[in-house]
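Only one structure is covered here, and it is reproduced in the block below.
No value in this document is a laboratory result; all are computed from the given coordinates. Predicted, not measured: the structure shown is a model, and the values here were computed from it. All Cβ positions, even for glycine, are placed from backbone atoms using ideal geometry, and neighbour counts span all protein chains on display.
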Amino acid sequence: MTTDERDAPVTQGSSRSTGAVALTPQYRPPWLAPLVDNVDQVPQAYRRKVPSELLAAVTEAKATGTGGRDAAVLVLFSGPGSEHPSGALPDDADLLLTVRAGTLRHHAGQAAFPGGAVDPGDAGPVATALREAQEETGIDPGRLHPLATLERMFIPPSGFHVVPVLAYSPDPGPVAVVDQAETAIVARVPVRAFINPENRLMVYRTGAGRRFAGPAFLLNQMLVWGFTGHVISAMLDVAGWSQPWNIDDVREVDEAMALVGSSEEPL
C-alpha cells in the first residue's frame, strides 16, 4: 500500500460500511494491524475486566435492547503509516482523548473518547462519531480513516448504548477545545503512556452499597477510568501491547483524581 493510498480522505460507499460512511480497514498501518484484524476480540477482553454485577446489567440491557439512547465515540489512533519490518508500535503513536468540563451534569471532569448521542440526521454510528469529534475537538474528518466498529456496549451510569468507532490518521491536523462549556481538555496522548506500567492502577467507586473496580491510567492531565479506561485496557491486551503492571494498586476514584497534575503535557 502506498503512502498516497493511506493519505486518501474518508470515502463514502457501501463496502464494509456502517451507514453511509465506509469502513476502510485497508488503510491501517502495520502497527495497528494486530488490533484491527482482531477487533472482534475487544469486547471479550473488555468484559473480563468489568465487575460481575455491572456486567449483569450490561448483558441484560443488551439482551432486551430497550431503554437508553444510541451513541458513538471515536477511538482515533495517529502515527506514521510507513512500513516497518517488525510492525512495531512507533514511539510517536497517540490516541485522541478529551476531558469533559467540570460543570457538566453527567460525567463531569472525566476523560473520554470524543463522541456523543446519535442525531436523527446521522447516517450510522461512524457518522455520529466523526460529527461529534469535529464538534468537540475541531478535527477534520477528511483526514481520518474509519477502520472498524466495535460491538455496541451499554453504559449503565449514562444509559447510553455506545458504538466505539476505531479510526486511524497519519496526521489528524490541529485539535483543540471548541466549546469550554462542554470540554476542558483535548489531548493526543502517546500510546506508550497507556502501556507504561507506572501509569496503571485500579480505581473503584461505590454505588448501591457495592464497590465497582476497574483499570485506570493516571496521567498528568487526566485520570482515564470507567468505560474509556476499560476499552483502552482491552485494546492494549488485544493488540499485544500490554506489559505487566500492579493490579493490586487499588485506589478510590477521588483519591486517584487528586493525584492528577496540572502540566500542559499529557505525561
Burial ranking of peptide ranges 242-255, 112-125 (average Cβ count within 10 Å, highest at the top): 112-125, 242-255
How long are the three semi-axes of the equivalent ellipsoid of the stretch 148-256, in whole Å, if each is the root of 5 times an eigenvalue of the C-alpha gyration tensor, listed from largest down? 23, 19, 17
Mind listing the long-range amide H neighbours of Met153? Cut-off is under 5 Å, sequence gap 5 or more, other chains count too, H placed in the peptide plane at 1.01 Å from N. Val162, Val163
For the stretch 196-205, Karplus couplings with θ = phi - 60° (6.51, -1.76, 1.60), whole Hz, Gly/Pro x: 3, x, 5, 9, 9, 6, 10, 10, 9, 9
Collect residues whose amide H, placed 1.01 Å from N in the peptide plane, falls under 5 Å from the amide H of Leu144; neighbours closer than 5 in sequence don't count. Val10
If Lys and Arg each add +1 and Asp and Glu each add -1, what is the summed charge of the other residues whose beta carbon sits under 14 Å from the beta carbon of Thr98? -4
Relative compactness, the stretch 79-197, computed as alpha-carbon Rg over 2.2 N^0.38 Å: 1.11
Label-point separation in nm, Asp171 to Glu252, each point 7 Å along Cα→Cβ: 4.9
Karplus (6.51, -1.76, 1.60) ³J(HN,Hα), θ = phi - 60°, over the stretch 89-100, in Hz, Gly and Pro reported as x: 5, x, 4, 9, 5, 9, 10, 7, 9, 10, 10, 5
In nm, spacing of pseudo-spin labels at Asp92 and Asn38 (7 Å Cα→C-beta vector): 2.8
Distance in nm between Arg69 and Ala181 label points, each 7 Å along Cα→Cβ, equals 1.5
Applying a 10 Å radius around every beta-carbon, put 212-224, 178-190 in order of their mean neighbour count, most first. 212-224, 178-190
